1. May I ask you to order 89-96, 114-121, 205-212, 219-226 by the average number of other C-beta atoms within 10 Å around their residues, highest value first?
2. Distance between the C-alpha centers of the stretch 147-170 and the stretch 174-189? Whole Å please.
3. Computed FRET efficiency, Cβ-Cβ of LYS224 and GLU126, R0 45 Å: what is it to the nearest 0.05?
4. Please give the contour-minus-distance gain from LYS198 to ASP52: 0.36 nm per residue of separation, less the Cα-Cα distance, rounded to one decimal in nm.
5. Kindly provide the trypsin sites (Lys or Arg not before Pro) of the stretch 5-70 that DSSP labels as loop, not H, G, I, E or B, and whose Cβ sees at most 12 other Cβ atoms within 10 Å.
6. In whole percent, how big is the carbon plus sulfur part of the accessible area of the chain, probe 1.4 Å, protein atoms only?
7. What ³J(HN,Hα) values, in whole Hz, does the Karplus curve 6.51 cos²θ - 1.76 cosθ + 1.60 give for the stretch 156-166 when θ = phi - 60°, with x put for Gly and Pro?
8. Quote the FRET efficiency, to the nearest 0.05, computed for LYS2 versus LEU102 with a Förster distance R0 of 22 Å and r equal to the Cβ-Cβ distance.
Amino acid sequence: MKKKVVVFTGAGVSAESGINTFRDSGGLWEQYRIEDVATPEAWRKDPALVLDFYNQRRKQVIKAEPNDAHKAIAQLEKYFQVQVITQNIDDLHERAGSKRVLHLHGEIRKSRSTLSPNLVYKIVGEELNIGDKCEKGSQLRPHIVWFGEMVPAMEEAVMHTQNAEILLVIGTSLEVYPAASLVQFASEESIKYLIDPKAHLISGIDNLHVIQKKAGEGVPVLVKELIKEYV
Ligand code: OAD
């Protein structure tokens with residue numbers, strides 16, 4: 001029986017692919033105000049500005065390539081039962097070969113109807129613009145979870161995390177809720193690793209190993225160790 005592994009990632013796993021993180025120095029939230037580009041209010045006030053912000057993000061993602069961390073995570077699937085849960089809106093886990101990826105905060109390469117949230121489309125090309133409409137004739141918005149909105153995938157993410165025997169948390173500041181609370185749902189016995197140059201112990205979390213390294217360096221080494229130890 002393959003062991004159950006949950007890999008929970010944040011912006012740091014894609015940093016070495018050239019995608020900006022949010023809260024590091026020089027990060028996106030130093031260049032933009034969240035309330036101007038990533039809230040329902042921003043969309044009501046200035047949808048063109050919001051679309052432009054995400055058009056830029058999409059162009060950066062399309063140009064980027066998966067790095068050694070994404071690739072090592074995809075390799076895990078040969079040996080373990082793996083569920084990736086990511087806060088990232090990029091598709092680098094999928095492009096590295098990961099098959100089961102749950103996006104908590106949406107996907108930059110998809111759009112969704114402002115009338116019927118179930119109408120979700122793949123964006124062809126790089127841009128989503130004013131005047132791009134769903135099949136029912138309403139404006140399309142980025143398929144992104146904005147601040148102040150529900151996180152529909154959270155329940156499924158909690159279920160996977162509760163069942164995990166091994167939990168890898170990679171490249172996240174653990175500052176944004178509810179996503180950050182996932183770690184609290186891991187069982188006491190599960191073995192947990194944090195990989196992030198700024199990682200530190202979390203009070204109340206047992207069996208936690210802190211690896212203060214960049215993902216591209218730390219993840220491939222850890223993946224090799226896990227295969228040696230558990231397969
Ligand atoms: P943050 O920008 O808050 O945190 C990035 C983390 O990545 C930090 O802890 C860094 O130390 C770490 N880091 C930087 N370079 C790294 C590298 N090469 N390898 C490993 N780690 C590295 O990003 P998130 O925690 O992902 O949500 O942010 C969570 C959410 O806040 C995002 O999903 C986004 C944002 O606002 C929404 O937009 C809804």
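The values are calculated or read from the model by the stated rules, or taken from the named source; none is laboratory data. Keep in mind it's a predicted model, so treat the numbers as computed, not measured. FYI the Cβ positions are ideal-geometry reconstructions off the backbone, even for glycines, and counts take in every protein chain you see. Side chains included, ligands, DNA and RNA excluded: accessible areas come from the protein's heavy atoms. Shrake-Rupley method; radii C 1.70, N 1.55, O 1.52, S 1.80 Å.
1. The packing order, highest mean first, is 89-96, 219-226, 205-212, 114-121.
2. Computed from Cα coordinates, the inter-centre distance equals 8 Å.
3. Working: r = 37 Å, r/R0 = 0.82.
Taking R0 as 45 Å, the efficiency between LYS224 and GLU126 is 0.75.
4. 49.4 nm
5. On the way: sites: ARG23, ARG33, ARG44, LYS45, ARG57, ARG58, LYS59, LYS63; in loops: ARG23, ARG33.
Counting only loop positions with at most 12 other Cβ atoms within 10 Å, the trypsin sites (Lys or Arg not before Pro) in the stretch 5-70 are ARG33.
6. Heavy-atom surface of the chain belonging to carbon and sulfur, 1.4 Å probe: 51 percent.
7. These are the phi-based 3J(HN,Hα) values: 5, 5, 5, 4, 4, 5, 4, 8, 5, 8, 10 Hz.
8. Computed FRET efficiency for LYS2 and LEU102 comes out at 0.75.
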